[in-house]
Amino acid sequence: MENLYDLIIKNGNVVLPNEVSRLDIGIIKGKIAALGKDLPIIPNTMIIDAEEHYVLPGMIDMHVHFNEPAMGHWEGFRSGSAALAAGGCTTYADMPLNGNPPTVNRAALNLKADAANGNSAVDYVLWGGLVPGNLADLEELAAAGVTGFKAFLSNPGGEGEGRFREVDDDTLYQGMKIIASFGGILALHAESEDITNALSLDAERNGRNTAGDFASCRPPEAELEAVARALLYSERTGCRLHFVHISTSTAIEMIHTAKLRGLDVTAETCPHYLILNEQHMEDLGPVAKCAPPLRSEEEREKLWKVLSEGKIDLIASDHSPCPTELKVKSGLSFFEAWGGISGAQSSLELMFHEGVNVRGLPVTLISSLLAELPAKRFGMQDRKGSIAVGLDADLVLLHPNRSHSLQAEELLYRHKHSPYIGMTLSCQVTSTISRGKVVYTAEGGVISGTGGQWLRLHEGQLME
């Protein structure tokens, strides 16, 4: 007799879209087949006892930087996806800029896809890029299955002729018209290049190069100006927008107001803006450097307020790794250090710790920001993002009261630096399940590191 279920998860507090319920989850061939109490067990059925645990939908991290092709020594798909699996993430979106070449045409996308194939612990989608000179490539990239396009309104840094470049206003406007024509979505790093460049040049001329000086060169006004400009272009072109790593509550309010007047726009923020503040840049040094920079403690509290009001659409890590020497090399100023925070392995635990255990927010709210809402925004809701019959069995078991201090040796990144090292977290991911297969346990580490699939999109729907 065949097993009724391949796997049953029993006794867990299951986080559904609008409630938490003590249910069993029955899984067949990688899909959720049943939700109920006391599901029937026959011999050879695999059982996972989730007593004292929450069972949440696996996180969907829509913003990570794995640097393949050619830059995997910074972070590759194998190490990066293993870290995500250890943090309860079952789907991620890789950004187009830090590989060589960047993903700005079909040939580069093929190289990226080849690098990922057979090297990812969990499922993934791939972003394409919008840069000066690639307008003619956008439609082909969309047809090939990218989840959307990423553009910078400020200089993303880096060197070399083939590096990812920020868009000028004409490229931005024309690109938005093209992307709107096929119903695509554009993700924007929204900081004004005019403002940040002028302030940075002035700081350099006057020998100001501390963490505080860096923050002063990327003020909230740079974010607000860029958001306002992009919203105007969206209104004129009809292009769907997603603003990445928003760092201020005022920008969130601007985006939310635009949404209320009918624009198809969303905003993400990141755990580092909700957990850390500008003092951490001073205390920890470049390991806490990012752009936009960490903000004041007052601003951090304001972000939590707009989050609790439902004005933030999703949370993503913006995992931006580099070799450790590019953060801490002797003689390196804060301005010269690589700007990016390594944090993808800790996102779920950070958000549950601070959001649920410290601030008392509903676990359903935190879960929706990490899984359900990203799935809906990026066309994956028919397979991912929720615990419901028929969807992929992408699940994470989290013990809400298992305190632990994050240590560097626990991190699965290629380079084990993070501003969260040494932080005591009041919860712990104990198991991660991707399409019905256990890919990580706290006791055994990453069990399966190569089964992830590229989820290609076409016209807003996942291709089979």
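Before moving on, here are some points about what is shown:
- Accessible-area ranking of 171, 324, largest first, probe 1.4 Å: 324, 171
- Accessible surface of the chain, 1.4 Å probe, proportion on carbon and sulfur as whole %: 48 percent
- Probe 1.4 Å - accessible area at residue 75, Å² to nearest ten: 0 Å²
- Phi-derived couplings, Karplus 6.51 cos²θ - 1.76 cosθ + 1.60 at θ = phi - 60°, listed residue by residue for the range 420-434: 8, 4, x, 6, 8, 10, 8, 9, 8, 6, 10, 8, 10, 10, 10 Hz, with x used for Gly and Pro.
- About its Cα centre, the range 1-116 has a charge dipole of approximately 300 debye under the convention of +1 per Lys or Arg Cβ and -1 per Asp or Glu Cβ, with nothing else charged.
- Kirkwood hydrodynamic radius of the chain, from inverse mean 1/r over distinct Cα pairs, in Å: 22.2 Å
- Residue pairs exceeding 24 angstrom between C-alpha atoms, taken from 10/384; 150/302; 302/416: 150/302; 302/416.
- With a 1.4 Å probe rolled over the protein heavy atoms of all chains, the accessible area of 272, 280 falls in the order 280, 272, largest first.
- Using Cβ point charges alone (K and R +1, D and E -1), the dipole size of the range 340-458 about the Cα centre works out to roughly 340 debye.
- Only one residue of 47, 157, 104 has its Cα farthest out toward the positive end of the dipole of the range 16-172, where Lys and Arg carry +1 and Asp and Glu -1 on Cβ, and that residue is 47.
- Residue 242 contributes an accessible area of around 0 Å² to the protein surface, as traced by a 1.4 Å probe with all chains present.
- Residues whose placed amide H lies under 5 Å from that of residue 92, excluding near-sequence neighbours: 61, 124, 125
- Dipole orientation for the chain: of the candidates 182, 272, 434, 434 has the Cα lying most toward the positive pole (charges on Cβ; Lys, Arg +1; Asp, Glu -1).
- Here the Karplus relation 6.51 cos²θ - 1.76 cosθ + 1.60, evaluated at θ = phi - 60°, turns the backbone of the range 77-87 into coupling constants of 4, 5, 6, x, 6, 4, 4, 4, 4, 5, x Hz, with x for every Gly and Pro.
- Put a plus charge on the Cβ of each Lys and Arg, a minus charge on the Cβ of each Asp and Glu, and nothing anywhere else: the dipole of the chain about its Cα centre is then about 660 debye.
- Residue-normalised accessible area of the chain, expressed per residue, 1.4 Å probe, Å²: 37 Å²
- Tilt relative to the chain, helix 106-116 - C-alpha long axis, 0 to 90 degrees, to 10: 50 degrees
- Degrees separating the helix 220-237 axis from the principal Cα axis of the chain, which is the longest one: 80 degrees
- Calculated [222 nm] ellipticity per residue, helices only, for the chain: -8000 deg cm²/dmol; basis is -39500 (n - 2.57) per DSSP H run with n ≥ 4, divided by all residues, nearest 500.
The values are calculated or read from the model by the stated rules, or taken from the named source; none is laboratory data. Just so we're clear, the structure is a prediction, and the values are computed from it rather than from any experiment. All Cβ positions, glycine included, derive from the backbone under ideal geometry; neighbour counts span all protein chains shown. Please note that ligands, DNA and RNA were not included when accessible areas were found on the heavy atoms of the full protein model with its side chains. Shrake-Rupley method; radii C 1.70, N 1.55, O 1.52, S 1.80 Å.
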